[in-house]
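The values are calculated or read from the model by the stated rules, or taken from the named source; none is laboratory data. Quick caveat, the model's predicted, so the values are computed rather than measured. Using ideal geometry, Cβ is built from the backbone for each residue, glycine included, and neighbour counts are taken over all protein chains shown.
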Amino acid sequence: MVVNQGLSHLSDQFLIVTVALYSLAVLAFAADFAFGRRSPAPAAAEVPELVPAGVSAGAGAPGAGGSGAVAPGAVAPGSGAADGAASGVDGGAASGADGGVDRGAARGLSRGSQAGQPAGLWVRAGISVTALGLAAHIVGVIIRGFAVHRVPWGDMYEFVIAVSCVAVLFFLGLMIKYRPYYLGLFFMAPIVIIMGLAQTVIYTPAGPLVPALNSYWLAIHVTAITLASGTYVVGAVLAVVYLFAERHARRVAAGLPVRNTEVFRLLPSAARIDQFAYRTVVFAFPLWTFGIMAGAIWADQAWGRYWGWDPTETWAFITWVVYAGFLHARVTAGWRGRRAAYIQLVGFGCLLFNLLGVSIFITGLHSYAGLS
Amino acid sequence: MTETRTSPVSAPTPGDGSPGTGALSPLGITGWSRWGWRQLTSMRTALVLLFLLALGSVPGSLLPQQGIDPAAVQQYYTSHPALAPWLARLSLFNVFAAPWFAAIYLLLFVSLAGCVVPRAFRLARSARALPPPAPRNLGRLPQAARHQTALEPAAALAAATAVLRQHKFRLRTGDGWVSAEKGYRRELGNLLFHLALLALLGAVGLGGMFGYKANRLLVSGTSFANTVTALDEFHPGRLVSSADLQPFTIALNRFTASYVTSGPDRGQPSDFDAYLSYSAQPGSPVHRDDLRVNHPLNLDGVKVYLIGHGYAPVFKITDGTGKVVFNQPVPFIAVNTAGLTSEGVIKVPDARPYQLGFAGVFLPTAVDVGGTLESVFPAPIAPRVSLVSYKGNLGMDSGPPQSVYQLNTAGLTRLPVAPRPLAVGQSIKLPGGAGTLTFTGYRQWISLAITYDPGQVPALIAGLAALAGLLLSFFIRRRRMFVRAYAGPDGRTVLDVGGLARSDPAGGFEEEFAGLADALRAACAGSSTPTTTPQGERD
């Protein structure tokens, strides 16, 4: 089947618009840090009163336990259920614009301090521009698919573009559901860099696939790997932010001098970030496992064996093992927290090496990058 | 970051019931082995082994591997003559079959089994166990809520029990309390995942024992039977004998390859079709199949794959006595993929008075590029053959077996023939009356991989089971709910609700708890509507 060059160019243009919009979003998120107006954080003491009994109020306490534990005091002590319930209703009204925000704060990443605040102008601009960029991104990916008459993640350029699309989608969902507004900058900046590199360094013109890739398993295997990789990107960003936030919290606790206090005050607590990083891996790991299995079935169809220690297979296995190590570290005493975050980043490093290093430097059966 | 420190003297104490300081000697063999077993099955050791496994796999991807690309290993020996033998001594050219690699994964799996099997027994025992009684002060639990209701304590408790039962909790009731537990399938999933990994290893081993792999090059218009002698390469499992081979025959009628003819991907293959005739066993009916990449042929559980293709120029050779001593296609092997330039050798041991040998290059689309002939397209648009001719002794009657793709020139002398590429139908007359060679045409060949792996289906089942176990263990949390109902100081019934997640690293129990607490409050309020006080309506 012949590649439709016109559509391919159209897709390229959409993706250039995407990068431009994402860059604007980065500027907006950065501007929020610099100029965003925000009301002073409510005193920690008033937070428990604003939250219905039984719903976590611990989010307001820095360094609250990983499971968002409610401090025992949060149970309205002896004041009776009527009061507790009433304060829940009143609290919803008292907290201003959005009664549902309390719940969001309790469930998610936000700190108590920002729970009652509606998103600032810059944040709203950043999220809107990101959403617009994502729309252009999705359209660009779909058009590329129509240009080449197959799923649009057959070569490395397409794969990277699709992975970043998944990451932004995941990020935007996170923003809307949990409102960790101040993570926006840390997400979108790497995405812009990744997509910029994709369009300059590893850009491949739309082309047909070699016969080995002509299989519906391409859709299954690569889609699963793409979704998992995009989610792992989000997890890796969270792990890096976590490491900084955790270091900051540790230094504060130890009474050491700290910098950028304002930035860390705005970020969700280290424990919250860590929890969400873990959730991304919990989401991505089964997908990755499934992707490897689908790849094995496909390898059996195409090459006559389901596992042959091809370099890409080997690195997918290494990545799997390291992320499995991360999951185990999370439940092993002495390995939680920073060590686990480092393991997660090592896993992500393996993923990146598999995508870039193995595709470019090592010749194997998966050498489809279109680079030579 | 807290690290427990043991005193230096009693560093390797076996935990409980350790004899105390300086008691290394009374530990004895049982003590030591118990200590060793406990170390091996600890999560920390499992973690270290996991990372060793990852680390050990790295050289397998960076260095050429014997099992994947033996030619690259040879190449490595030539370019690193000093280093290569040392790497070989460490099995680094065969990492995934190396003893040390096997040691890592076997230790890991023993560690895994040692951890998982006792847990399986514990799970089986707890299958019918009831949740523990409710603690006295539910306010101290990680999740807690307090409601008031107009219902009598007993009625409130009954309503709460109904809600928890509706949410499929396992229940235990007592005097003024009810405790409930849910999510036993989390541990089940966890065990399923780990046991499935053990099964996967077993399935891979099964394939290694009873399966086999073979290769066969098949020129268009020829056929072969699946016997050890007819196969070019045969790698049987440990328990496979030649009698176990399925007795099918395969003939290649025709092979076509299509290529992209324009654009930046010009010359890239787009389709391969090998038209086969096969019969499952001698005497059984002949079937036809279009064998393509990604569409293997399944013959009684044996799979046949199209994994390669190339050209086999046909030569007719007349020796010095005027007799036709050679007239057949000779498979040439591609040395580049862009133009499918292929190399091969022709050996004519029956030629008289001298044996003849030729080393040749086949160019499917030969174009003169700056004085040298190159192939610019993989399809046979302008096929040419260029040959170097030898006469003398091929050395085939004695010495080690030779490769059909290499010419041993030790006993041969090169003939002074002007290097002239041959088009189809052209000939070379060898000097000194040694004979004549005619390039009469070309055919295509395919290479087939034939694999039989009885471990495949078990491996797939084990993989699916592992995935199912993973999902169960990730998305189910084990949690307990406790409810106490009693008369408060103002005469209204107080309903205390407490919750505890036993395994919830991803968090999220607090939301579920909040929902359940709401449901419990609603149940107590809803059933008491007729008699509620005005205050109660605010509940």
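Structure notes:
- Checking B:ILE450 against (1) surrounded by 15 or more Cβ atoms within 10 Å (Cβ to Cβ); (2) modelled with pLDDT of 90 or more; (3) in contact with a helix residue (DSSP H, G or I) (Cβ under 8 Å, 6 or more places away or on another chain); (4) under 30 Å from A:GLY295 (Cβ atoms), the condition it does not meet: (3)
- For segment B:257-273, the criterion of being surrounded by fewer than 19 Cβ atoms within 10 Å (Cβ to Cβ), aliphatic (A, V, I, L, M) and closer than 17 Å to B:ASP453 by Cα is satisfied by no residue at all.
- Members of segment B:111-139 that are more than 30 Å from B:LEU50 (Cα to Cα) and either touching a Phe, Trp or Tyr at 6+ places or on another chain (Cβ under 6 Å) or of a type outside the set (Lys, Arg) (or both): B:ALA127, B:ALA129, B:LEU130, B:PRO131, B:PRO132, B:PRO133, B:ALA134, B:PRO135, B:ASN137, B:LEU138, B:GLY139
- Any hit, segment B:254-262, residues being farther than 29 Å from B:THR337 by Cβ and not β-branched (Val, Ile, Thr): no
- The residue of segment A:316-372 that is modelled with the highest pLDDT, among those that are among the aromatic types (Phe, Trp, Tyr) and in a loop (DSSP other than H, G, I, E, B), is A:TRP335.
- Some residue of segment A:305-324 being facing chain B (nearest Cβ under 10 Å), among the small types (Gly, Ala, Ser) and free of Cβ contacts under 8 Å to residues at least 24 places away in the same chain: no
- All strands (runs of 3 or more DSSP E) inside segment B:194-306 with 3 or more residues being under 23 Å from A:TRP307 (Cα atoms): B:212-219, B:233-236, B:297-299
Okay, residues lined up against (1) farther than 30 Å from B:ASP273 by Cα; (2) aliphatic (A, V, I, L, M):
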| site | (1), (2) |
| --- | --- |
| B:LEU157 | yes, yes |
| B:ARG170 | yes, no |
| B:LYS182 | yes, no |
| B:ARG186 | yes, no |
| B:LEU192 | yes, yes |
| B:GLY208 | yes, no |
| B:ALA214 | no, yes |
| B:LEU218 | no, yes |
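- Residues in segment B:125-146 that are touching a residue at least 40 places away in the same chain (Cβ under 8 Å), assigned to a loop (DSSP other than H, G, I, E, B) and within 14 Å of another protein chain (Cβ to nearest Cβ): B:PRO135, B:LEU141, B:PRO142.
- Condition met for B:SER242 (closer than 23 Å to B:GLY308 by Cα, more than 25 Å from the chain's Cα centre (by Cα) and of a type in the set (Gly, Ala, Ser)): no
- Count of residues meeting criterion [surrounded by 18 or more Cβ atoms within 10 Å (Cβ to Cβ), closer than 23 Å to B:VAL404 by Cα and within 14 Å of another protein chain (Cβ to nearest Cβ)] in segment B:235-256: 1
- So B:HIS295, is it in contact with a helix residue (DSSP H, G or I) (Cβ under 8 Å, 6 or more places away or on another chain) and under 30 Å from B:ALA97 (Cα atoms): yes
- In segment A:163-185, the residues that are of a type in the set (D, E, K, R) form Cβ pairs under 9 Å with partners that are outside any helix (DSSP H, G or I), at six or more places apart or across chains, as follows: A:LYS177/A:GLY108; A:ARG179/A:GLY108; A:ARG179/A:LEU109; A:ARG179/A:SER110; A:ARG179/A:ALA119.
- Only one of the numbered conditions (1) in contact (Cβ under 8 Å) with a residue 40 or more places away in the chain; (2) away from every other protein chain (no Cβ under 14 Å) is not met by B:ALA274, and that is (2).
- When restricted to residues that are out of contact with any Pro (no Cβ under 8 Å at 6 or more places or on another chain), of a type in the set (Ser, Thr, Tyr) and over 25 Å from B:GLY114 (Cβ atoms), segment B:161-214 contains 2.
- Out of A:PHE159, A:PHE187, sole residue that is under 10 Å from A:VAL234 (Cα atoms) and either β-branched (Val, Ile, Thr) or buried (at least 20 other Cβ atoms within 10 Å of the Cβ) (or both): A:PHE187
- Selection status of A:ALA125, out of contact with any Gly (no Cβ under 9 Å at 6 or more places or on another chain), within 14 Å of chain B (Cβ to nearest Cβ) and buried (at least 18 other Cβ atoms within 10 Å of the Cβ): no
- Output for segment A:1-18, where each listed residue is modelled with pLDDT under 85, hydrophobic (A, V, I, L, M, F, W, C) and surrounded by fewer than 17 Cβ atoms within 10 Å (Cβ to Cβ): A:MET1, A:VAL2
- Extreme residue, nearest to B:PHE362 (Cα to Cα), among residues of segment B:429-451 that are touching a Leu at 6+ places or on another chain (Cβ under 9 Å) and within 10 Å of chain A (Cβ to nearest Cβ): B:LEU448
- Scope segment B:282-327; condition at pLDDT below 90, buried (at least 17 other Cβ atoms within 10 Å of the Cβ) and more than 30 Å from B:GLY267 (Cβ to Cβ); matching residues: B:LEU299, B:ASP319, B:GLY320
- Segment B:328-345, residues that are farther than 23 Å from B:GLN268 by Cβ and free of Cβ contacts under 8 Å to residues at least 60 places away in the same chain: B:GLN328, B:VAL330
- Residue that is farthest from A:ALA147 (Cα to Cα), among those in segment A:224-262 that are buried (at least 19 other Cβ atoms within 10 Å of the Cβ) and of a type in the set (Ser, Thr, Tyr): A:TYR242
- Tally, over segment B:480-523, of residues that are part of a strand (DSSP E or B) and either closer than 30 Å to A:ALA277 by Cβ or within 11 Å of another protein chain (Cβ to nearest Cβ) (or both): 13
- One residue from B:SER284, B:SER262 being hydroxyl-bearing (Ser, Thr, Tyr) and more than 10 Å from every other protein chain (Cβ to nearest Cβ): B:SER284
- Search result, residues across segment A:275-300 that are in contact with a Leu (Cβ under 9 Å, 6 or more places away or on another chain) and among the β-branched types (Val, Ile, Thr): A:THR280, A:VAL281, A:VAL282, A:THR289, A:ILE297
- Residue check, A:ALA212 at pLDDT 90 or above and closer than 26 Å to B:ASP271 by Cβ: no
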